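S.K.: Have a look at this one.
Rule-based calculations on the coordinates, nothing more; no lab input. Being a predicted model, the structure only gives us computed values, none of them experimental. Here Cβ is always computed from backbone atoms with ideal geometry, including for glycine, and neighbour counts include all displayed protein chains.
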Amino acid sequence: MKLLEGKVALVTGGSRGIGAAIARAFAQHGATVAFTYLSSAEKANGVATELEGLGVKSKAYKSDASSYEQSENLIKDVLEDFGQIDILVNNAGITRDNLMLRMSEEHWDEVIRTNLKSTFNLTKHVLRPMMKNRGGSIINISSVVGVFGNAGQANYAASKAGMIGFSKSIAKEVGSRNIRCNAIAPGFIETEMTEELDEKTKDAYLTNIPLKRLGTGEEVAGACVFLASDLGAYVTGQTLSVCGGLNT
Ligand code: NAP
């Protein structure tokens, strides 16, 4: 029996990077995988086809996680298509880095809306169906930057720290309903998001990473499988760092 057989998962931002790796890992463990994207329709369809090739049901939905209305409709659509949602991964996220003196209000709002408000939008609408289903696992992809901060990322760090406080609060609110809520704090993971960083910044990170290498989306996905499955049945309200020891 696979770890997630019979479960339906919804992953936001599954068209690329860490979200696509999570979608793949869930499918490999037998889950039906619904996932969203914002603009990369071609990549998203590619991921959906790949997942179906693993012998599970999968569907890509175009849905802006920062929109309350679109998130409500998304949950309805996934329930209509697959009947239940057992696992929600709030993964969609962006960066708009700048030092505080130069950070625009627009970039502050954009990051908070996409990274933090999205987590509210999806969680708000998935809780009732999870309660009806007598259980669920919500996983919020935060960041080590949300734990220890980073110069030039006040907007991003605030959104990611917010996700940690949110996860702890939801864990306390709905634990009695057998719904778990945890955060994962990845360190420096090789994706398009980190491709933008210059070599000097990457080298500075590597000096402080005990494992002396960047992480992969698959390594973050492994932690998600643990928290999504019964392996993590007694774990809630926690923040699991997947960072090669950076947060040590
Ligand atoms: P990425 O490669 O840039 O991929 C971002 C994903 O989010 C894409 O699928 C994108 O969809 C989707 N997305 C963006 N805005 C969206 C919106 N408003 N609604 C729905 N989907 C949206 O990023 P990544 O590196 O995989 O990061 C994934 C998550 O991990 C983020 O929350 C990030 O903050 C977090 N994280 C990453 C690292 C790292 O080192 N990479 C470290 C710590 C935490 P489209 O393809 O359609 O644009």
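S.K.: Which of the helices in the chain, when you take each full DSSP H run, stretch at least 24 Å along the axis at their Cα atoms and have an average Kyte-Doolittle score of 0.0 or higher?
M.R.: Answer set is 154-174.
S.K.: Still on this structure, please answer the following. Ranked from highest to lowest mean number of other Cβ atoms within 10 Å per residue, what is the order of the peptides 17-27, 210-220, 163-173?
M.R.: 17-27, 163-173, 210-220
S.K.: Please list, short to long, the whole-number percent of alpha-carbon pairs of the chain in consecutive 5 angstrom bins beginning at zero.
M.R.: Over the chain, the share of Cα pairs per 5 Å bin runs 1, 7, 14, 19, 21, 17, 11, 6, 3, 1, 0 percent.
S.K.: A further question follows. Straight-line reach from K43: which lysines have Cα under 29 Å away, leaving out those fewer than 8 places along the same chain?
M.R.: Cross-link targets: K2, K7, K57, K59, K62, K76, K117, K124, K160, K202.
S.K.: Follow-up question, since we're still on this one. Once you list every other residue whose beta carbon is under 11 Å from the beta carbon of S66, what net charge do they have if Lys and Arg are +1 and Asp and Glu are -1?
M.R.: -2
S.K.: Roughly how many whole Å is it from the C-alpha centroid of region 62-78 to that of region 35-49?
M.R.: 15
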